[in-house]
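Only one structure is covered here, and it is reproduced in the block below.
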Amino acid sequence: MAQPARLGRFNIIGFTSIVDVERAKAFYRDTLGLRLLAEEPPFALVFEANGIMIRLGMAKELPPVQGTVLGWEVTGIAAVVKELEQAGVRFERYNFEWMKQDELGIWTAPTGAQVAWFKDPDGNILSISEHPERKK
């Protein structure tokens with residue numbers, strides 16, 4: 001019997017869509033500090049984030065945002081929030097009774113994980129998070 005495919009040994013590729021190509025290119029490259037690998041009009045901008053490929057598909061319009069589309073696991077989330085704010089990133093504040101955020105916009109989940117959300121120029125929701133339960 002054949003073994004099932006195992007994808008856990010391969011790098012994942014992140015995908016999301018953009019409309020304003022020039023603003024997205026500047027945001028992901030200059031504000032977030034990702035390395036631009038290729039421009040493939042009319043298909044995608046291709047970036048690299050710590051060895052992981054992110055393809056920003058060039059679209060004519062975006063579907064309604066339904067949640068976080070890309071996220072980065074960080075260490076020292078408060079310092080990363082402050083660094084991104086200095087680069088011009090504005091963190092989202094949500095008014096959910098069950099999700100209280102601190103003064104930096106960081107929410108601490110019941111597991112101890114901490115998350116903060118922000119948007120790219122096209123309104124895609126991005127996040128940074130720190131997961132102490134994964135530290136060894």
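The values are calculated or read from the model by the stated rules, or taken from the named source; none is laboratory data. Computed from a predicted model, the values in this text were never measured in an experiment. Don't worry about glycine lacking a Cβ; one is built from the backbone with ideal geometry, like all the others, and counts go over all protein chains shown.
One residue alone among 85, 40 is within 18 Å of residue 130 (Cα to Cα) and out of contact with any Pro (no Cβ under 8 Å at 6 or more places or on another chain), and that residue is 85. Close contacts from the range 12-31, counting a first residue that is among the aromatic types (Phe, Trp, Tyr) and a second that is at pLDDT 95 or above, with Cβ to Cβ under 7 Å and a gap of 6+ residues or different chains, come to 15/55; 15/57; 27/120; 27/121; 28/34; 28/47; 28/56.
Taking the numbered list (1) on the phi < 0 side of the Ramachandran plot; (2) out of contact with any Lys or Arg (no Cβ under 7 Å at 6 or more places or on another chain); (3) not assigned by TED's automatic domain parsing to the domain that holds residue 18; (4) not charged (D, E, K, R) in turn, residue 118 passes all entries but (2).
Sort out which residues of the range 92-106 are under 26 Å from residue 24 (Cβ atoms) and of a type in the set (Phe, Trp, Tyr), and write them in order of number. Across the range 92-106, the qualifying residue is only 94.
With respect to the conditions (1) free of Cβ contacts under 8 Å to residues at least 24 places away in the same chain; (2) in a loop (DSSP other than H, G, I, E, B); (3) more than 24 Å from residue 15 (Cβ to Cβ), residue 105 falls short on a single one, namely (1). A single member of 18, 12, 54 is under 20 Å from residue 90 (Cα atoms) and out of contact with any His (no Cβ under 6 Å at 6 or more places or on another chain), and it is 18.
Within the range 90-98, identify whether any single residue is outside any loop (DSSP other than H, G, I, E, B) and in contact (Cβ under 8 Å) with a residue 40 or more places away in the chain, and answer yes or no. No, the range 90-98 has no match at all.
Confirm whether residue 10 is outside the structural domain of residue 87 (by TED's automatic domain parsing) and not in a strand (DSSP E or B). So residue 10 passes the test.
Residues in the range 111-136 that are more than 10 Å from the chain's Cα centre (by Cα), part of a loop (DSSP other than H, G, I, E, B) and in contact (Cβ under 8 Å) with a residue 12 or more places away in the chain were compared, and the one that is nearest to residue 26 (Cα to Cα) is 121.
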